[in-house]
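The structure appears right after this line, and notes come after that.
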Amino acid sequence: MTEWFEQWFGEEYHALYPHRDDEDARRAVALIRSVVPWGPRDRILDLACGPGRHAAELARWSGQVVGFDLSRAMLRRARERNGGRGALVRGDMRALPFRAGSFTLAVNLFTSFGYFLNEEENRRVVSQVAAALAPGGHFVLDYLNAEHVRRTLRLRITEQAQGRDVLVTRRIDSADRFVIKEIELRDEGRRFQERVRLYDADELAALLLNAGLGIVARFGDYDGAPAGPTAPRVILVAARA
């Protein structure tokens, strides 16, 4: 059975959001850079890189960036954005193909995690990222703030995106474990879904700690505001001993 993320992160996603959050990408990478400096010889993994907006910013600050994603469409966009520069690898984050100790820095940004129904699969991703870090390397996890989502969720909105009639419906499942976004392209009669695990901040920190990483910084947005229940994001910076 095809997973939701195999269907949604294709050309339809990019057609609706062709320039999504470029400014956020610049702010996110600047925040990371303020905590975790890197040099031109350091290898950086952008896990679930999507169309490459973060990878391009990471590379702009030097470093050897490897973009990793499952979507062929997103990797194609990343290649176009970066002019063919930098390494791009297609694969499933549950089975990372990198040798232990390969990276000085790994990032997983813009809530590109928590996709799997099986909790063990999400834990496996974090464990594999930790193993791919060199000693002293860092992992930055940027995630939605579950408390903020529960409090502010708008259930139903109609959008006009790139001239297309789009109905977006959001809900939290009955078990209070996932936030679900359903996207209907009404002019085409097609539907897609996003489903992301509602991890609380402490649960995210526990995932990192259980993988052998120590938390060195926490933020609540891309400008470096403090973490907390009213912050829009949970941004954790962790280090491997």
Qualifying residue in the range 112-125 (condition: modelled with pLDDT of 95 or more, under 26 Å from ASN145 (Cβ atoms) and aliphatic (A, V, I, L, M)): yes
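I'm trying to understand the selection: among the residues of the range 206-241, which are in a strand (DSSP E or B), of a type outside the set (A, V, I, L, M) and without any contact (Cβ under 8 Å) to a residue 60 or more places away in the chain?
Keep residues of the range 206-241 that are in a strand (DSSP E or B), which gives 213-219, 233-240.
From the residues that got through so far, the ones that are of a type outside the set (A, V, I, L, M) too are 214, 218-219, 233, 240.
Hits for the range 206-241 are GLY214, ARG218.
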Any hit, the range 221-238, residues being under 30 Å from PHE103 (Cβ atoms), surrounded by 14 or more Cβ atoms within 10 Å (Cβ to Cβ) and in contact with a Pro (Cβ under 8 Å, 6 or more places away or on another chain): yes
Residue within the range 18-30 that is open to solvent by 30 Å² or more (accessible area, probe 1.4 Å), at pLDDT below 90, at positive phi and out of contact with any strand residue (DSSP E or B) (no Cβ under 9 Å at 6 or more places or on another chain) present: yes
Identity of the residue in the range 151-179, modelled with pLDDT under 90 and β-branched (Val, Ile, Thr), that ends up most open to solvent (accessible area, probe 1.4 Å): THR158
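The values are calculated or read from the model by the stated rules, or taken from the named source; none is laboratory data. Keep in mind that this is a model prediction, so the values were computed, not measured. Glycine also receives a Cβ, built like all others from the backbone with ideal geometry; neighbour counts cover every protein chain displayed. Note: areas computed on protein heavy atoms with side chains; ligands, DNA, RNA excluded. Shrake-Rupley method; radii C 1.70, N 1.55, O 1.52, S 1.80 Å.
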